[in-house]
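Data block below; observations after.
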Amino acid sequence: MAGRVLVGTCSWTDRTLLESGWYPPEARTPADRLRYYALHFPIVEVDSSYYALPSPRNAVLWAQRTPEHFVFDVKAFALFTHHPTPPKSLPRDIYEALPGQLKEKRNLYYRDFPDDLVDEMWRRFAESLLPLDSTGKLGVVLFQFPPWFRPGRESREYIASLRQRLPQYRVAIEFRQAGWLAEERDRQQTLRFLREHGLPLACVDEPQGFSSSVPPLAEVTAPVAIVRFHGRNAATWEARGLTTAERFNYLYSPEELGEWTPRIRRLAQEADEVHVLFNNCYRDYAVRNARQMAQALGQKVERQEPLL
């Protein structure tokens, strides 16, 4: 394979992963767990940044606790991907600056915010990524759009604007709306748009047959290619009231992973780097499948003793 393939998981701190026994008893703190994780995988996705704006201090610590060539992909804050955002998840001063009627809402959306507050949140988000970027450890900033983010002129203009908002970072796009990629004509239009703007498409493996389902494509639209494995649990994919772990409760079989190994090898022939991330974050399912995928791709996987 020409391009470097990095295999890892989406997050390293999920409660059910901690309960699974994958981490040794001596890995008691977040710092210990990240160091231990980094002995096994060269990449991880930060998902806490989806729920709240990350702090530069945390990014400094992440960089310090991982090896030189370790990579962090960072999920964009929910507000920036048009997801509902609880007012209390905002920084206190941003919350206090909101117009009074917005503070009373259960959830806010991007369109609700005054322009000056939007600009300030973008500035803080970009600033929080600098410690990872300056150490060469920032991979991509992943924007995962919701099912109601449909293809159209306004949506494409918003996606294109992300490069202006985060000019020094690599922005990647994941869709949860079939209309972007399900039909051949729409697929080609979307892929052409992403290539024109140098934006990686997050290829996905996920349950099919829903309006939020995107087909399992393997396409390179930028120098970095991304594949995210969400599991194939159709019963929980759009179910309400579930925890994240419950929604992605799925363990891939070796045969299912084998469907993707030739596709990932092909991506590596076309891209400079391929990020393969497992989001089936129920107990130790993601770390187990990530190790299996790395082995299937011919990568040396060794269990090392943690440096605690």
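The values are calculated or read from the model by the stated rules, or taken from the named source; none is laboratory data. These numbers come from a predicted model, not from an experiment. Positions of Cβ are backbone-derived with ideal geometry, glycine not excepted, and every protein chain shown enters the neighbour counts.
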- Top-ranked residue in segment 194-212 [being of a type in the set (A, V, I, L, M, F, W, C) and assigned to a loop (DSSP other than H, G, I, E, B); ranked as farthest from the chain's Cα centre (by Cα)]: 210
- Task: Pick out the one residue from 142, 191 that is more than 19 Å from residue 51 (Cβ to Cβ), outside any loop (DSSP other than H, G, I, E, B) and touching a residue at least 24 places away in the same chain (Cβ under 8 Å).
- Result: 191
- Message: So, in segment 97-120, how many residues would count as being charged (D, E, K, R), surrounded by 15 or more Cβ atoms within 10 Å (Cβ to Cβ) and within 23 Å of residue 55 (Cβ to Cβ)?
- Response: 1
- Message: Suppose we keep only residues that are within 21 Å of the chain's Cα centre (by Cα), at pLDDT 95 or above and in a loop (DSSP other than H, G, I, E, B) within segment 1-42. Which one would you say is surrounded by the fewest Cβ atoms within 10 Å (Cβ to Cβ)?
- Response: 39
- Query: Quick one: is residue 286 of a type in the set (A, V, I, L, M) and under 20 Å from the mean Cα position of the chain (by Cα)?
  - Reply: yes
- Note on the structure: When residue 123 is run through (1) buried (at least 20 other Cβ atoms within 10 Å of the Cβ); (2) of a type outside the set (Gly, Ala, Ser); (3) closer than 22 Å to residue 51 by Cα, the failure sits at (1)
- Message: Can you tell me which condition residue 258 does not meet? The list is (1) surrounded by fewer than 17 Cβ atoms within 10 Å (Cβ to Cβ); (2) in a loop (DSSP other than H, G, I, E, B); (3) of a type in the set (Gly, Ala, Ser), and all the others hold.
- Response: (2)
- Query: Which of the residues belonging to segment 110-133 are farther than 19 Å from residue 164 by Cα and modelled with pLDDT of 95 or more?
  - Reply: 131, 132
- Could you grab the pairs with beta carbons closer than 6 Å, sequence gap of 6+ or different chains, first residue in segment 15-30 and touching a residue at least 12 places away in the same chain (Cβ under 8 Å), second one aliphatic (A, V, I, L, M)? 16/245; 22/287; 26/308
- Task: Could you give me the residue pairs with C-beta distances under 8 Å whose first residue belongs to segment 194-215 and is at positive phi, whose second residue is charged (D, E, K, R) wherever it lies, and which are 6+ apart or on separate chains?
- Result: 198/163
- Residues of segment 168-188 that turn out to be touching a residue at least 24 places away in the same chain (Cβ under 8 Å) and within 18 Å of residue 148 (Cα to Cα), as a count: 12
- Message: Can you confirm whether residue 93 is assigned to a helix (DSSP H, G or I) and closer than 20 Å to residue 162 by Cα?
- Response: no
